[in-house]
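Visitor: Questions regarding the structure given below will be posed in turn.
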Amino acid sequence: MKHIFKKGNEELPVLLLLHGTGGTEEDLLPLAELIAPEHSILSVRGNVSENGMPRYFKRLSEGVFDEEDLIERTHELNTFIDDSAKQYDFDRNNVIAIGYSNGANIAASLLFHYQNALRAAILHHPMVPLRNHSLPDLSKKSIFIGAGENDPICPADETKELEQLLNNAGAEVTVHWEKSGHQLTQSEALKAAEWFKRYS
Ligand code: MLT
């Protein structure tokens, strides 16, 4: 997969950066710089193109996911992280995702499918990636969710549903609400940075 790897302090977790629809591997570099400037970064571009816009998996329409493709792409991304850990010589068990929108959705899907794909995650405006799916044991995983009270793409009830599903799997979930829509605001980014400092 097309990506950027930037080496940081090798003692610290590697940040896996996952952009929103139409983004690239460059998009979340400033966010990572704000949240955790000393960490190594693996920033990956989605392999799917929707009319030229990179994404991590196909969708049938706005908010309706192609579940077969989502599952396949989740495994593909997990294998890519495995391979990158060997290539760049980092600890595969020490990876923290930071994702926005479509990137947060594939990060949530990694959590839904694998107990050890991620050590923790910062999810900006995620949705429930799959329903009627049994989650692995996610105890000891810390997850920050940034949500908008008026997010038309990810309604508040869906955020609460995701929080509940992750909580039920044992994860420690912190939800931060902004009085905004789907955009990732500066104040949400600062809250994520505060959370990360407390968590790490
Ligand atoms: C998705 O398709 O993953 C969500 O609708 C968010 C987005 O618009 O990318």
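The values are calculated or read from the model by the stated rules, or taken from the named source; none is laboratory data. What you are looking at is a predicted structure, and each value in this text was computed from that prediction instead of being measured. So basically every Cβ, Gly included, is an ideal-geometry build from the backbone, and we count neighbours across all protein chains shown. SASA here: full protein model, heavy atoms, side chains in, ligands and nucleic acids out. Shrake-Rupley method; radii C 1.70, N 1.55, O 1.52, S 1.80 Å.
Visitor: Please go through the range 175-200 and give me each residue that is assigned to a loop (DSSP other than H, G, I, E, B), more than 16 Å from the ligand (Cβ to nearest atom) and either modelled with pLDDT of 95 or more or open to solvent by less than 50 Å² (accessible area, probe 1.4 Å) (or both), ordered by number.
Guide: Answer for the range 175-200, where residues must be assigned to a loop (DSSP other than H, G, I, E, B), more than 16 Å from the ligand (Cβ to nearest atom) and either modelled with pLDDT of 95 or more or open to solvent by less than 50 Å² (accessible area, probe 1.4 Å) (or both): Lys179, Thr185.
Visitor: When you scan the range 18-61, how many residues do you find that are touching a strand residue (DSSP E or B) at 6+ places or on another chain (Cβ under 6 Å) and polar (S, T, N, Q)?
Guide: Result for the range 18-61: 3.
Visitor: Okay, next question. With in a loop (DSSP other than H, G, I, E, B), within 16 Å of the ligand (Cβ to nearest atom) and either under 30 Å from Ser187 (Cβ atoms) or in contact with a Pro (Cβ under 9 Å, 6 or more places away or on another chain) (or both) as the only criterion, which of Asp91, Asp27 stands out?
Guide: Just a single option satisfies the conditions, and that option is Asp27.
Visitor: Moving to a separate point now. Given the residues Ile71, Ile81, which is the only one that is more than 16 Å from the ligand (Cβ to nearest atom) and in contact (Cβ under 8 Å) with a residue 40 or more places away in the chain?
Guide: Exactly one of Ile71, Ile81 is more than 16 Å from the ligand (Cβ to nearest atom) and in contact (Cβ under 8 Å) with a residue 40 or more places away in the chain, namely Ile81.
Visitor: Here's something else I'd like to know. Spot the failing condition for Glu33; the list is (1) touching a residue at least 60 places away in the same chain (Cβ under 8 Å); (2) over 15 Å from Arg119 (Cα atoms); (3) open to solvent by 70 Å² or more (accessible area, probe 1.4 Å), and only one is missed.
Guide: For Glu33, the exception is condition (1).
Visitor: Within the set of pairs 6 or more residues apart or between chains, which connect a residue that is among the aromatic types (Phe, Trp, Tyr) inside the range 89-104 to a residue that is at pLDDT 95 or above with Cβ atoms less than 6 Å apart?
Guide: What qualifies is Phe90/Val14; Tyr100/Gly20; Tyr100/His124; Tyr100/Leu184.
Visitor: Take the residues in the range 3-27 that are among the charged types (D, E, K, R) and more than 17 Å from the chain's Cα centre (by Cα), then tell me which one is most open to solvent (accessible area, probe 1.4 Å).
Guide: Per the stated criteria, the residue is Glu11.
Visitor: Quick check on this structure: which one of Gly52, Gly103 is open to solvent by less than 10 Å² (accessible area, probe 1.4 Å) and either under 20 Å from Pro136 (Cβ atoms) or at pLDDT 95 or above (or both)?
Guide: Gly103
Visitor: With the requirement that a residue be over 22 Å from Glu194 (Cα atoms) and crowded, with 19+ Cβ neighbours inside 10 Å, what does the range 131-155 give you?
Guide: Within the range 131-155, Leu138, Asp151, Cys154 meet the criteria.
Visitor: Looking only at the range 156-174, count every residue that is surrounded by fewer than 16 Cβ atoms within 10 Å (Cβ to Cβ) and either aliphatic (A, V, I, L, M) or not in a helix (DSSP H, G or I) (or both) and tell me the total.
Guide: Matching residues across the range 156-174 total 3.
Visitor: Another question, then. Return the total of residues in the range 1-24 being more than 16 Å from the ligand (Cβ to nearest atom) and closer than 22 Å to Asp91 by Cβ.
Guide: Total satisfying the criteria: 15.
Visitor: Another question, then. Those residues that are among the hydroxyl-bearing types (Ser, Thr, Tyr) and under 14 Å from the mean Cα position of the chain (by Cα), I need them from the range 28-43; list them, please.
Guide: Of everything in the range 28-43, just one residue is among the hydroxyl-bearing types (Ser, Thr, Tyr) and under 14 Å from the mean Cα position of the chain (by Cα), namely Ser43.
Visitor: Considering only the range 158-171, I want to know if a residue exists there that is touching a Gly at 6+ places or on another chain (Cβ under 8 Å) and among the aliphatic types (A, V, I, L, M).
Guide: no
Visitor: Looking at the structure I just gave you, is Ala97 among the small types (Gly, Ala, Ser) and assigned to a helix (DSSP H, G or I)?
Guide: No; evaluated as a whole, the condition is false for this residue.
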